[in-house]
Amino acid sequence: MRLASAFVAGLLFGSGLLLSRMTNPQNVLAFLDVAGAWRPALLYTMAAAVAVAAPAYWAARRSKQSLLGVPVELPDRFKFDIPLILGSAIFGVGWGLSGICPGPALLLLSRADRGAITFAVALAIGMVVADTWKRIRAAPRDAATAAVS
C-alpha cells in the first residue's frame, strides 16, 4: 500500500509539473528574471501547490501517524542550523543557474536531456558529499559517546 501511495503521489506531482510546464528550465529562469521578461507562471504553480499541501500539512501536524499508519515526524520549524542554511543556499544557486530542481530533473531524465543529466550527476555527487560530511562530523560524537559508556 505504501508503494502504491508513493507511486500515485509521484504521478500526481509529475503530472502537475508537466501541466504547469515547470519541467522547462526556461519557464523557471523567466520567473527568476524579475528585472527582465518576468513570467509569473511559477508563482501560480507554487500557490496551487500550497493550497493543496496546506490542509494535509495541517492534518499531519495534529496526528501521530499517517493514514497508512506510518509515524509522522515533522522537523522543528524554528531550528535553523548551518546544514539547513548552507543546503538551502546551494539549492537556490543551483536552481537559479540551471532552472532545474530535483522533481523536474527526473522528468527531464526520461528525455535524456543533457542539462538534466548534468544536474542529476551533480545532485548525486552533492548527496554523497553531504552524507560523507555528516558521517565525519558525527564520528567524534559517536566516539565520545562510546567512551562514556
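Any chance you could count how many residues in region 59-85 are assigned by TED's automatic domain parsing to the domain that holds Gly126, surrounded by 10 or more Cβ atoms within 10 Å (Cβ to Cβ) and not hydrophobic (A, V, I, L, M, F, W, C)?
1
Name the one entry in Val52, Val34, Val8 that is modelled with pLDDT of 85 or more, within 28 Å of Gly115 (Cα to Cα) and either of a type in the set (A, V, I, L, M) or surrounded by 11 or more Cβ atoms within 10 Å (Cβ to Cβ) (or both).
On the way: Val52 fails: within 28 Å of Gly115 (Cα to Cα); Val34 fails: modelled with pLDDT of 85 or more.
Exactly one of Val52, Val34, Val8 is modelled with pLDDT of 85 or more, within 28 Å of Gly115 (Cα to Cα) and either of a type in the set (A, V, I, L, M) or surrounded by 11 or more Cβ atoms within 10 Å (Cβ to Cβ) (or both), namely Val8.
Please enumerate the residues belonging to region 116-149 that are over 18 Å from the mean Cα position of the chain (by Cα), modelled with pLDDT under 80 and assigned to a helix (DSSP H, G or I).
Let us first name the residues in region 116-149 that are over 18 Å from the mean Cα position of the chain (by Cα), namely 132-149.
Cutting the leftovers down to modelled with pLDDT under 80 gives us 139-149.
Those that are over 18 Å from the mean Cα position of the chain (by Cα), modelled with pLDDT under 80 and assigned to a helix (DSSP H, G or I): Ala139, Pro140, Arg141, Asp142, Ala143, Ala144, Thr145, Ala146, Ala147, Val148.
Select from region 22-71 the residues that are more than 18 Å from the chain's Cα centre (by Cα), part of a loop (DSSP other than H, G, I, E, B) and over 20 Å from Ser5 (Cα atoms) and list them in ascending order.
Asp33, Val34, Ala35, Gly36, Ala37, Trp38, Arg39, Pro40, Arg62
What number of residues in region 72-109 are assigned to a helix (DSSP H, G or I) and touching a Gly at 6+ places or on another chain (Cβ under 8 Å)?
Residues in region 72-109 being assigned to a helix (DSSP H, G or I) and touching a Gly at 6+ places or on another chain (Cβ under 8 Å): 6 in total.
Residues to consider are Ser5, Ser98; find the one that is of a type in the set (S, T, N, Q) and assigned by TED's automatic domain parsing to the domain that holds Met127.
Answer to the check: Ser98.
What's the total number of residues in region 1-21 that are more than 28 Å from Val72 (Cβ to Cβ) and either among the acidic types (Asp, Glu) or in a helix (DSSP H, G or I) (or both)?
Number of matching residues: 2.
The values are calculated or read from the model by the stated rules, or taken from the named source; none is laboratory data. Predicted model, so just to flag it, every value in this text is computed and none were measured. Neighbour counts run over all protein chains shown; Cβ positions are idealised from the backbone, glycine included.
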